[in-house]
Amino acid sequence: MSKDFYSILSVPRDAKPPQIKRRFIELARERHPDRFQGEDKIRAEEEFQSITEAFNVLMDPLQRRQHDIDLTMPSRTGGKHDPGQLARVYLNRGIRAYKSENLAEAADNFERATRAEPRNYQAWHHLALACSREERWLSKAQQAIERACELRPGHAPYFKLAGKIFAMSKMTARAKEYYNQALKSGGVDPAIHKALKALGQGVPGGTASGRASEPGQKGDKPSRFKKVW
């Protein structure tokens, strides 16, 4: 069963933000770990974390709405959550965040969706898409798109994105492999042929021209990602 953040803060479910904030401040002062020692301090640290988590959730409209849903779900499902429904909630949140260019929030929600429903290939695909927008997240993007391809074999758009992500990661052999699988599954695609040429496949001498743009470079990003949504 989900934590009841209203009970943790001892506020009613229709409490307004100012009331929630006042109660949080009261509890934070009472249970701050610095006021305790020994085992009491450890217990106070746990309680302080709980009231802080409750405050953060209830002060965020989207998280609070989902929390309200979570609290009512057990009565409708015999005490069990519907993984598919939960994954869809996180997917929708992630898509909204992605469209607003809030990539960190988008990636976080997509990852939550994969945890809620590990075999949801759309969640893995969206996670890969969001993570591919930040160079420091490319490793996670690789893992996510590989999982999406495993869960939905033969789906050309996923292979195409995998090729792009591995090209961005300078993993040329893997990029070529996925691009070629995309062509095999989806047929002729000028964008993939261009990407393969940039990677050196089919180019005289076996090297990519410096004038060719690799998939994932700045000029290629907006239109390629926009189509997915």
- Task: Determine which member of the set 21, 99, 3 is surrounded by 13 or more Cβ atoms within 10 Å (Cβ to Cβ) and modelled with pLDDT of 90 or more.
- Result: 21
- Query: Here are some conditions: (1) part of a loop (DSSP other than H, G, I, E, B); (2) farther than 24 Å from residue 123 by Cα; (3) at pLDDT below 90. Residue 205 meets all but one. Which one does it not meet?
  - Reply: (1)
- Task: Write out, first by first residue and then by second, each pair whose Cβ atoms fall under 6 Å of each other, whose residues are 6+ apart or on separate chains, and whose first residue, in the stretch 37-57, is without any contact (Cβ under 8 Å) to a residue 24 or more places away in the chain while the second is hydrophobic (A, V, I, L, M, F, W, C) and outside any helix (DSSP H, G or I).
- Result: 44/36
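Inside the stretch 190-200, can you point out the residues that are over 28 Å from the mean Cα position of the chain (by Cα) and either of a type in the set (Asp, Glu) or part of a helix (DSSP H, G or I) (or both)?
Answer for the stretch 190-200, where residues must be over 28 Å from the mean Cα position of the chain (by Cα) and either of a type in the set (Asp, Glu) or part of a helix (DSSP H, G or I) (or both): 190, 193, 194, 196, 197, 198, 199.
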- Message: Just to be sure before I move on: is residue 45 under 26 Å from residue 163 (Cβ atoms) and at pLDDT 90 or above in the structure I sent?
- Response: no
- Query: Given 86, 71, which one is in the same structural domain as residue 119 (by TED's automatic domain parsing) and modelled with pLDDT under 90?
  - Reply: 86
- Note on the structure: Heads up, the helices (runs of 4 or more DSSP H) in the stretch 77-185 (entirely inside) with at least 2 residues that are hydroxyl-bearing (Ser, Thr, Tyr) are 83-99
- Inside the stretch 6-24, the number of residues satisfying the requirement of being more than 11 Å from residue 59 (Cα to Cα), in contact with a helix residue (DSSP H, G or I) (Cβ under 9 Å, 6 or more places away or on another chain) and in a helix (DSSP H, G or I) is 5
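The values are calculated or read from the model by the stated rules, or taken from the named source; none is laboratory data. Bear in mind the structure is a predicted one, so any value in this text is a computation, not a measurement. So basically every Cβ, Gly included, is an ideal-geometry build from the backbone, and we count neighbours across all protein chains shown.
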